[in-house]
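K.L.:
Handing you this structure, nothing more for now.
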Amino acid sequence: MTDASSPSIRFNNGASYERMMGVWSRSAGEIFLDWAAPPPGLAWVDIGCGNGAFTQLIAERHAPSAIDGIDPSEPQLSYARTRPGAAMAAFHNGDAMALPFADAAFDVAVMALVIFFVPEPARGVAEMVRVVAPGGTVAAYAWDMEGGGFPLQPILDELRKMGHAPSLPPSADASRLDVLQSLWTGAGLTDVDTRVIDVTRVFADFEDFWSASSSGASVTAALAAMAPDEIAQLKSRVRAGLSADATGRITCSARANAIKGRKPA
């Protein structure tokens with residue numbers, strides 16, 4: 001899932017994003033949706049829907065009456081439109097800070113792994129509130145970027161140690177629970193609640209981990225600026241920092257912060 005308006009970090013390949021982040025997204029998204037627990041039959045908007053992984057989860061788990069997804073990447077949207085599980089959804093190209101929807105058009109507005117990409121998070125939250133009907137739900141979850149919860153953290157940490165600072169989302173601090181709480185209460189939402197989501201993913205071996213994780217936009221950009229011997233050194237350092245079981249499988253963890261609130265009736 002991606003969003004708006006960061007020229008340095010833009011995901012334009014739905015298939016590679018699915019391999020890199022789709023599995024992580026689904027694991028965290030399932031926990032998030034169980035916690036948010038909206039009833040069936042509601043109209044949803046998925047802001048920063050990317051390749052439709054989370055949109056599909058909504059369709060599968062919550063029997064919505066309608067789903068609209070919005071994202072700035074047309075290649076990602078093209079991939080989303082191929083998902084059989086998201087066939088009921090309507091996908092639109094657009095900006096989280098200027099949603100192309102009428103006031104009070106939805107019952108639920110969600111941002112899944114997106115808010116740290118929005119250059120002005122408060123504007124993004126205000127737009128979510130605007131398009132949700134009174135009594136509706138506004139919710140989000142985001143990798144804990146500043147707390148080390150990002151799934152690509154093992155690679156990013158070693159890149160920094162080697163002097164290659166990868167691009168960070170423009171609003172990384174918006175993933176903190178205290179900042180999320182401030183954004184939600186500042187937008188006038190009530191019944192605001194938060195939780196931490198911990199997830200794990202198992203890779204068959206190191207090469208499986210590397211091929212999936214090194215396709216992330218921030219990692220790809222860093223690798224493009226490195227010489228082959230530096231990349232080999234990076235892989236060696238990352239490998240040394242990961243623990244494999246007797247069969248070579250590697251288990252990695254990630255952590256997201258989640259928030260939900262209600263628009264006053």
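K.L.:
So which residue, out of G48, G149, G248, gets the largest mean-square fluctuation from a GNM of the chain using Cα contacts under 10 Å as springs?
P.N.:
Of the options given, G248 has the highest mean-square fluctuation.
K.L.:
How many angstrom lie between the Cα centre of the range 64-116 and the Cα centre of the range 157-176?
P.N.:
Taking the Cα centre of the range 157-176 as reference, the centre of the range 64-116 is 27 Å away.
K.L.:
With each run of n ≥ 4 DSSP H residues scored as -39500 (n - 2.57), what mean residue ellipticity at 222 nm is computed for the chain after dividing by its residue count and rounding to the nearest 500 deg cm²/dmol? Write down the numbers at each step before the final one.
P.N.:
Values: 10 runs with 95 residues, N = 265.
Mean residue ellipticity, 222 nm, calculated: -10500 deg cm²/dmol.
K.L.:
Something else: Can you give me the angle between helix 177-186 and the longest principal axis of the chain, using Cα atoms only, in degrees from 0 to 90, rounded to the nearest 10?
P.N.:
With both axes taken from Cα atoms, the answer is about 20 degrees.
K.L.:
For D205 and Q181, calculate 0.36 nm times their separation in residues minus their Cα-Cα distance, and state this gained length in nm to one decimal.
P.N.:
4.8 nm
K.L.:
Most mobile of V110, V219, V138 per a Gaussian network model of the chain (Cα springs, under 10 Å)?
P.N.:
V219
K.L.:
In nm, what is the difference between 0.36 nm times the number of residues separating V196 and A104 and their Cα-Cα distance?
P.N.:
Computed gain between V196 and A104 is 30.2 nm.
K.L.:
What angle do you read, to the nearest 10 degrees and between 0 and 90, between the alpha-carbon axis of helix 228-241 and the longest principal axis of the chain?
P.N.:
70
K.L.:
Compactness ratio of the range 11-159: Cα Rg over 2.2 N^0.38 Å, N = residue count?
P.N.:
Details: Rg = 14.6 Å, N = 149, 2.2 N^0.38 = 14.7 Å.
So the range 11-159 has a normalised radius of gyration of 0.99.
K.L.:
Explain nothing, just the number: relative contact order of the chain, from Cα pairs under 8 Å at least 6 residues apart, as a whole percent.
P.N.:
The value is 22 percent.
K.L.:
Output the relative contact order of the range 141-213, whole-number percent, from Cα pairs under 8 angstrom with separation of 6+ residues.
P.N.:
Result for the range 141-213 is 26 percent.
K.L.:
Continuing with this model, one more query. Could you list, bin by bin from short to long, the percent of Cα-Cα pairs of the range 104-144 in 10 Å steps?
P.N.:
32, 52, 15, 0
K.L.:
Any idea what diffusion coefficient the chain gets from Stokes-Einstein, in µm²/s, Kirkwood Rh on alpha carbon pairs, 25 °C, 0.890 mPa s? Provide the component values of the computation, followed by the final result.
P.N.:
Values: Rh = 18.6 Å.
Here the translational diffusion coefficient equals 132 µm²/s.
K.L.:
Counting other beta carbons within 10 Å of each residue's own, what order do S25, S214, S236, S167 fall into, fewest first?
P.N.:
S236, S167, S214, S25
K.L.:
Separate question: Among T200, T247, T190, determine the one that fluctuates most according to a GNM of the chain built with springs between C-alpha atoms less than 10 Å apart.
P.N.:
Comparing T200, T247, T190 in a Gaussian network model of the chain, the most mobile one is T247.
K.L.:
Can you give me the C-alpha center-to-center distance between the range 33-57 and the range 182-204, rounded to a whole angstrom?
P.N.:
14
K.L.:
Using only Cα atoms, tell me the angle between helix 23-36 and the longest principal axis of the chain; keep it within 0 to 90° and round to the nearest 10.
P.N.:
30
Every number in this text was worked out from the coordinates using simple rules, so none of it is lab data. For clarity, every value in this text was computed on a predicted model and none was experimentally measured. Cβ atoms come from the backbone with ideal geometry, glycine included; neighbour counts cover every protein chain shown.
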